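A short write-up of the structure that comes next.
The values are calculated or read from the model by the stated rules, or taken from the named source; none is laboratory data. Since the model is a prediction, treat every value here as computed from it, not as a measurement. Please note: Cβ atoms are built from the backbone with ideal geometry, for glycine as well, and neighbour counts cover all protein chains shown. Heavy atoms of the whole protein, side chains included, go into the accessibility calculation; ligands, DNA and RNA do not. Shrake-Rupley method; radii C 1.70, N 1.55, O 1.52, S 1.80 Å.
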Amino acid sequence: MKKAVVLLSGGLDSATTLYLAKKASYRCLSLIFDYGQRHKKEIAGARKISGRADSPFTVIRITLPWAQDALINKKKPIPGRKLKNPSVYIPSTYVTGRNTIFLSFAVSYAESVKAQAVFIGANALDWSGYPDCTPDYFKTWEKLIKAGTKAGRQGKKIEIKVPLLNKTKAEIARLGENLGVPFELTWSCYKGGKNPCRRCDACQLRARGFNEAGLMDPLVNRNAV
């Protein structure tokens, strides 16, 4: 049976990606990162989602002591949603080098267990404008794997699969619904409080996706006041 390493944050996109990989008949191994994010609540969700999907998981703990990004530095405010051109505006919630670090671990893991693919739930349509969530970024990874791994040099391809890259949040929500993704276990809010703040980029994009899909977000419904 073919194997895949799935980067699982615990959010809507990564959970849907895990279930897509399962539907594609991959034996999935979830990779979860604790990198000092202020919304650590997503890690607990990722663990539960992995269990629900029958996907063994590994939690990697790393520190980024130089990071000044709002998702790590609690002295910096989490910005509210501002509709700006993502080609020129990159919000303070961008974590420097995050996907590059994550994918490096994932490719190493995939090569060691002889997995054929690495899945990541990045999105470049309804997104926050992060440069490491773009089509050209992931195309560069294909060249890097081929040139910089033993598997690549021996012609054993490890694909970087980004199935949600060109989907809207509404399309992702509908897809997740059809796949049976446990939305109630996912977490998107950058603030990581008891309830979603409904103001940050992640909350606003998630809300738009559920609304446009005509679906109820169980987190908002459950925590409605």
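Take the convex hull of the alpha carbons in the range 139-183; its mean projected area over all directions comes to 4.4 nm².
Considering only alpha-carbon pairs that sit under 8 angstrom and 6 or more positions apart, the relative contact order computed for the chain is 25 percent.
Scanning residues 5 or more positions from Glu159 or on other chains, those with amide H under 5 Å from its amide H are Ala117, Val118, with H placed 1.01 Å from N in the peptide plane. Taken one residue at a time, the phi angles of the range 94-105 give Karplus couplings (6.51, -1.76, 1.60, θ = phi - 60°) of 5, 9, 4, x, 4, 5, 5, 5, 4, 5, 4, 4 Hz. Gly and Pro are set to x.
Accessible area per residue, 1.4 Å probe, Å², for the chain: what's the number? Present the calculation step by step, with values, prior to reporting the outcome.
Values: 11110 Å² over 225 residues.
Here the residues of the chain average 49 Å² of exposed surface.
Only protein atoms count toward the accessible area here, which uses a 1.4 Å probe; on the chain, the carbon and sulfur part of that area reaches 53 percent. Taking only the alpha carbons of the range 113-225, we obtain Rg and Dmax values of 17.1, 58 Å in that order.
Annotation: aspartates and glutamates with alpha-carbon distance below 14 angstrom to Lys157 (same-chain offsets under eight excluded): Glu111, Glu142. One quarter of the convex hull surface built on the alpha carbon atoms of the range 63-149 amounts to 7.0 nm², the projected area averaged over directions.
How about the range 8-107: which chymotrypsin sites (Phe, Trp or Tyr not before Pro) there are in a DSSP loop, with at most 10 other Cβ atoms within 10 Å of their Cβ? Numbers along the way, then the final one.
Details: sites: Tyr19, Tyr26, Phe33, Tyr35, Phe57, Trp66, Tyr89, Tyr94, Phe102, Phe105; in loops: Tyr26, Tyr35, Trp66, Tyr89, Tyr94.
Answer by residue number: Trp66.
Amide H contacts of Asp34 (H built 1.01 Å from N, in plane; Pro and chain starts excluded): Ile60, Arg61, Ile62 sit under 5 Å, all sequence-distant by 5 or more or on other chains. The range 1-71 and the range 129-165 have Cα centres separated by 18 Å.
Let me know the whole percent of all Cα-Cα pairs from the range 1-145 that are separated by more than 20 Å. Here the tail beyond 20 Å accounts for 50 percent of pairs.
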